[in-house]
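Each remark here refers to the structure printed beneath this line.
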Amino acid sequence: MRMWQLSNFTPFPVIAGFERDAQGHSHYLVTISASFRIDAAGRAWFDADQPPPLQSPLFLGNDPEGLMIADADQGLPHPGIDILLAADALLAPAEPRRRLSLRLAGMQRDLDLLAPMQRDRRGHARLLDPGPAPAPVPLDWRSSWGGAGVAENPLGTGAAGTEGEALPRLTATDAALMPGQPVPPALNPVSFSPLPRAWPQRARLAGTFDTGWQRRKAPLLPDDYDPRFGHAAQPAQVHPGPLPDGAEVELTGMQTPAGDAPWRFRLPAPAFRLAIFHMGGWTRRDAVLQRIVIDARTGRLRMVWRGGFTLARIADDVRLRETQIHLARAQGYAVLAPDAAAYHRFAPDPTQSPQPQEMPV
């Protein structure tokens, strides 16, 4: 007797598993990851390198206390769509600050890149000479306000209050950090990159894990678990969804495949349909877009969908036999000739509606 068989009729990798929510319901969830390459002109291509959905977070140098590069893709569904960005920006020597913008279908995130400064003996910001060849600044938590003892961003700089301390390069647009002026006692840490689960901005949404939880609910999630805990993006980078087909992304002020010009591209719009054989019959579900990860350094784009259903009883999981994943629509991207064999080997004709065949009980 087969159980939990995945039949993937798409060119994109999938994983599946079970998750329990705060009410004790068991959810069978399929996670789909699709990777594309975006060129300087904004054209999207199927990427022959298709990494599978992440089952655990990735950290720079495999250091769990360091910079989180990517969060796990598995987990309970959450409202809205994460928009995450890996990018650098470069400030010209005579440029005091630069506005950095991420725009997508009505969502806009603006941050400022500042000239290099350090704290002087009076506690003021002193402008530094960037030199003839200034280095690009990573637009992640290392370039923002924080430091040791700052739970909201222990990777940042500027919070120690010592003379000669480097001040943050990446700030909110209203941050009062100016050359020759007193350094503010604190700034709001900001970043375009993912937010680790253990940091308080996100951890507080996980709920209360106290002795009461241990006595009454463990190992289930706490009663006050907030589904927004599943977001790796900061609230300003969560699109409420759904996105229109062909939604346009625009990055300005950053280093991208388009050089100094704004980088604009339309999101690929594949659609995935699940057919789940459970308790003697087929259930069909559409997968929902949950995450968009843009790597402006390499011109790569990764999109993550989740789909599935809730079991009436936990014991019913053994009656789940097969899940078929179909590419119901292929839109907004092209396939290069060298990649066509790999793509079409698994992708059915996207103009045909999937018709799963009944399997023996």
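Evaluating GLN331 against the criteria (1) part of a loop (DSSP other than H, G, I, E, B); (2) modelled with pLDDT of 75 or more; (3) under 30 Å from MET279 (Cα atoms) leaves one unmet condition, (3). Looking at ARG291, ARG264, ARG273, just one residue is more than 20 Å from the chain's Cα centre (by Cα) and either modelled with pLDDT of 95 or more or part of a helix (DSSP H, G or I) (or both), and that residue is ARG273. Taking the criterion of being under 18 Å from LEU251 (Cα atoms) and touching a residue at least 40 places away in the same chain (Cβ under 8 Å), would at least one residue in segment 122-130 satisfy it? The answer is no; no qualifying residue exists. May I ask you to verify whether ALA72 is small (Gly, Ala, Ser), surrounded by fewer than 16 Cβ atoms within 10 Å (Cβ to Cβ) and closer than 30 Å to ASP223 by Cβ? So ALA72 passes the test.
Taking (1) out of contact with any Leu (no Cβ under 7 Å at 6 or more places or on another chain); (2) of a type outside the set (Lys, Arg); (3) assigned to a helix (DSSP H, G or I); (4) surrounded by 15 or more Cβ atoms within 10 Å (Cβ to Cβ) in turn, GLN214 satisfies each apart from (4). If the condition is being closer than 21 Å to PHE272 by Cα and either basic (Lys, Arg) or in a strand (DSSP E or B) (or both), then segment 39-64 contributes ALA44, TRP45, PHE46. Confirm whether GLY24 is crowded, with 17+ Cβ neighbours inside 10 Å and either modelled with pLDDT under 95 or within 30 Å of ALA312 (Cα to Cα) (or both). Considered against the rule, which asks whether it is crowded, with 17+ Cβ neighbours inside 10 Å and either modelled with pLDDT under 95 or within 30 Å of ALA312 (Cα to Cα) (or both), GLY24 comes out as no. Annotation for segment 43-50: at least one member residue is of a type outside the set (Val, Ile, Thr) and in contact with a Pro (Cβ under 6 Å, 6 or more places away or on another chain). Within segment 11-38, the residues that satisfy the criterion of being touching a strand residue (DSSP E or B) at 6+ places or on another chain (Cβ under 6 Å) and outside any strand (DSSP E or B) are PHE12, PRO13, HIS25. The single condition from (1) open to solvent by less than 20 Å² (accessible area, probe 1.4 Å); (2) at pLDDT 95 or above that HIS78 fails is (2).
Scanning segment 32-44 for any residue that is aromatic (Phe, Trp, Tyr) and in contact with a Phe, Trp or Tyr (Cβ under 9 Å, 6 or more places away or on another chain) turns up at least one such residue. Tally up the residues in segment 312-347 that are open to solvent by less than 10 Å² (accessible area, probe 1.4 Å) and of a type in the set (S, T, N, Q), please. Of the residues in segment 312-347, 1 are open to solvent by less than 10 Å² (accessible area, probe 1.4 Å) and of a type in the set (S, T, N, Q).
Pairs linking a residue in segment 93-120 that is open to solvent by 50 Å² or more (accessible area, probe 1.4 Å) to a residue that is acidic (Asp, Glu) and outside any strand (DSSP E or B), with Cβ atoms under 9 Å and 6 or more positions apart or on different chains, are PRO93/ASP129.
When segment 296-311 is filtered for residues that are within 16 Å of the chain's Cα centre (by Cα), surrounded by fewer than 19 Cβ atoms within 10 Å (Cβ to Cβ) and in a strand (DSSP E or B), only ARG300 remains. In the set LEU85, LEU60, LEU67, LEU29, only one residue is without any contact (Cβ under 8 Å) to a residue 40 or more places away in the chain and under 22 Å from the mean Cα position of the chain (by Cα); that residue is LEU60.
Residues that are open to solvent by 30 Å² or more (accessible area, probe 1.4 Å) and not polar (S, T, N, Q) within segment 272-288 comprise ARG273, MET279, GLY280, TRP282, ARG284, ARG285, ASP286, VAL288, listed in sequence order.
Among the residues of segment 200-211, those that are part of a loop (DSSP other than H, G, I, E, B), out of contact with any helix residue (DSSP H, G or I) (no Cβ under 9 Å at 6 or more places or on another chain) and either open to solvent by less than 40 Å² (accessible area, probe 1.4 Å) or in contact (Cβ under 8 Å) with a residue 12 or more places away in the chain (or both) comprise THR208, PHE209.
Set side by side, the residues GLU165, GLU152 differ, and just one is of a type in the set (Asp, Glu), modelled with pLDDT of 95 or more and open to solvent by 50 Å² or more (accessible area, probe 1.4 Å), which is GLU152.
The values are calculated or read from the model by the stated rules, or taken from the named source; none is laboratory data. Just so it is clear, the structure is predicted and the values come from calculations on it, not from any experiment. Virtual Cβ from ideal backbone geometry, glycine too; neighbours counted across all protein chains shown. To get the accessible areas, we keep the full protein, side chains included, count just its heavy atoms, and leave off ligands, DNA and RNA. Shrake-Rupley method; radii C 1.70, N 1.55, O 1.52, S 1.80 Å.
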